[in-house]
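The structure under discussion appears below in the form of structure tokens.
The values are calculated or read from the model by the stated rules, or taken from the named source; none is laboratory data. These figures come from a predicted structure and were not determined experimentally. So basically every Cβ, Gly included, is an ideal-geometry build from the backbone, and we count neighbours across all protein chains shown. Side chains are part of the model used for accessible areas, which takes the heavy atoms of the whole protein and leaves out ligands, DNA and RNA. Shrake-Rupley method; radii C 1.70, N 1.55, O 1.52, S 1.80 Å.
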Amino acid sequence: MERLRADRLFLRLLLPVVVLGGTYAGLAAIVTRHVPANTTIDGIAIGGMSPTGATATLRRALASRASPPVRLQAPSATVDMDPRTAGLELDPEATLSDLSGFTLNPAKLWLHLLGGHEEGLRTRIDRAKLAAAVAAAARVIDAPVKEGSITFTGGRATLVLSEPGRAVKVPETTDAVASVWPRQRVVPAVMKIVPPKLSVDEINRAAEEFAVPAMSNPVKVAAGGTTFVLQPAQYAPALALAPDGAGRLEPRIDTARLLAAVRVAKPGIERTPSDATVRLAAGRPSVVPAVIGTRFDEAAAGPRFLAALTSRTRTATIPLVPVAPKVSTRVAQGWGVKEKISTYTTHFPVNPPRTNNIKIAVRTLDGTLVPPGGRFSLNAVLGPRTPAKGYQKAPVIYSGRLEQDYGGGVSQVSTTTFNAAFFSGVKIEKHTPHSFYISRYPEGREATLSWPDVDQLWTNDTGFGILVDAFVSGSDLTVSFYGTKTWDIEAVKGPRRNTVQPKTILDGRSGCVPQAPNVGFDVTVMRIFRKNGVQVKSSSFNTHYLPEDSVSCSSPVAR
């Protein structure tokens, strides 16, 4: 019975609590459906609005605040950043998240009943994008360091003092933008001072101790037993003051430029070495001794000149060092050029332009020295045959026809040289006979020449040097080789074979050159090498000649 009475008492007490709790919950549900009265977000009134209405109101009102650029400002420049590119966004939903929605929290209910207040506007910030945008702006805003210098021009030392730079501190500036956007559109960049590597004091010190004294007066130079003066304007291009890595300027000198100025101011002090060579004297080969040359000592010139610039006497002594020739007298003597080992003469017809070309080529060839094992190229010796060298137009053979071209007649020099090479016993590597036979040359022992690909090449494998002697006497061209005779050479010509008759051509073209007919044929020439009367070896040269057609010209050009 007592238990029954206790249960009834509990129910009587519980019922009011339940009724009161339900009333509280119902009131909470009604009150929290809306934003607290009198609430503003960044000055925008949204009190009493539903969450949906408040969100729409914020979006409309804030649309104009989210799009304007953020201006990053520095003393040197300003840069506008696009908020979207910089990762800056407004977040109305997060801003309203705590201002509506069911809650039994008495404090929040009390806020709804009494009315709201000013709330802060929440944002979404992508810090990586914002930092990247700030770093990009920094490349415009940063003021680079202006390193000072001392330069030497026109005989004067010119000073430029250093100026510190300014650089954006990207992390700190990123924080500054994030903390004030969107309330503040102009944000001062957080800057740092970047000191120069060369201080103003160091530049002034280097000027006082070196630059000004260096340019103050001329320098006396002693070299090769003579003295002369270099003015500051002459040696200034060789001077420099360069940082040493520890913030100190040190004098530097460009020795090549210094010596160039010395050579201009006083030419002829140095002496170019002369190689030993071999020349004919009274018809006999004679060794011309080598001459040792001299040049400025480059290792000593620079340091001594630098020291003179701040010395009391302002005198620099530049020593000379010997320069050995490439070919010493002993080497030239060892070549064994002592006697004539071969000679050949050809006769040329009267043709002034052609004779002119032959004489120019002979002068160029004469005196050529081919050391033991050396390779001879007639094109390399003569070079291109051009009007600038004095060559004239004369007949040449192209595709079986005579034409006019510069250097016509040089093939006679080639043929004469080829025969001298043939009878000297050297190793003949390349030669090209004329396309048709020319009667003034020996059959199968002649060589044409054309720049740059038709060449005469041979290697001096005699074991001794070869001196080429070439001269024109009247209408005769002679080329002789001097060295040490190694072989007795005999030429044996075989009979003509595969004879082909020429055709007759009447040519009315401008520039036509008439031709006399000659048959085409094949021929073989054997070169027999003998030593002490005994045949040691032999080689053969097979030549194919085209027929030389008979050409008559309507407007002939003299052949």
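Worth pointing out:
- On the stretch given as the stretch 149-178, residues that are free of Cβ contacts under 8 Å to residues at least 24 places away in the same chain, open to solvent by less than 70 Å² (accessible area, probe 1.4 Å) and more than 42 Å from the chain's Cα centre (by Cα) total 1.
- Scanning the stretch 221-253 for residues that are in contact with a helix residue (DSSP H, G or I) (Cβ under 8 Å, 6 or more places away or on another chain), more than 30 Å from P195 (Cβ to Cβ) and not β-branched (V, I, T) yields A223, F228, L230, P232, Q234, Y235, P237, A238.
One line per residue, one yes/no per condition, for (1) at negative phi; (2) of a type outside the set (A, V, I, L, M, F, W, C); (3) in contact (Cβ under 8 Å) with a residue 12 or more places away in the chain; (4) open to solvent by 30 Å² or more (accessible area, probe 1.4 Å):
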position	(1), (2), (3), (4)
V321	yes, no, yes, yes
G336	no, yes, yes, no
Y344	yes, yes, yes, yes
V350	yes, no, yes, yes
N356	yes, yes, yes, yes
I360	yes, no, yes, no
G373	no, yes, yes, yes
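- Scope the stretch 432-486; condition among the basic types (K, R) and touching a His at 6+ places or on another chain (Cβ under 7 Å); matching residues: R440
- Of everything listed in (1) acidic (D, E); (2) within 43 Å of the chain's Cα centre (by Cα); (3) modelled with pLDDT of 95 or more; (4) open to solvent by 50 Å² or more (accessible area, probe 1.4 Å), the single unmet condition for D453 is (3).
- Filter pass, V479 being part of a helix (DSSP H, G or I), open to solvent by less than 30 Å² (accessible area, probe 1.4 Å) and not polar (S, T, N, Q): no
- Checking each residue in the stretch 517-557 for being surrounded by fewer than 16 Cβ atoms within 10 Å (Cβ to Cβ) and not in a strand (DSSP E or B) picks out P517, V519, N532, G533, S554, S555, P556, V557.
- Scoring P144 on the criteria (1) touching a Pro at 6+ places or on another chain (Cβ under 9 Å); (2) at pLDDT below 95 leaves a single failure, condition (1).
- Candidate set: the stretch 260-271, residues that are over 20 Å from A211 (Cα atoms) and in a helix (DSSP H, G or I); chosen: the one least open to solvent (accessible area, probe 1.4 Å): V262
- Total residues in the stretch 328-352, condition assigned to a loop (DSSP other than H, G, I, E, B), among the aliphatic types (A, V, I, L, M) and at pLDDT 95 or above: 1
- Just one of (1) under 56 Å from the mean Cα position of the chain (by Cα); (2) surrounded by 13 or more Cβ atoms within 10 Å (Cβ to Cβ) fails for R509. It is (2).
- Whenever a residue of the stretch 296-312 is closer than 21 Å to V212 by Cβ, its partners that are open to solvent by less than 20 Å² (accessible area, probe 1.4 Å) and among the hydroxyl-bearing types (S, T, Y), lying with C-beta atoms within less than 8 angstrom and at least six residues away or across chains, give the pairs F305/Y235.
- Among the residues here, A238 qualifies as open to solvent by less than 40 Å² (accessible area, probe 1.4 Å), among the aliphatic types (A, V, I, L, M) and within 40 Å of the chain's Cα centre (by Cα).
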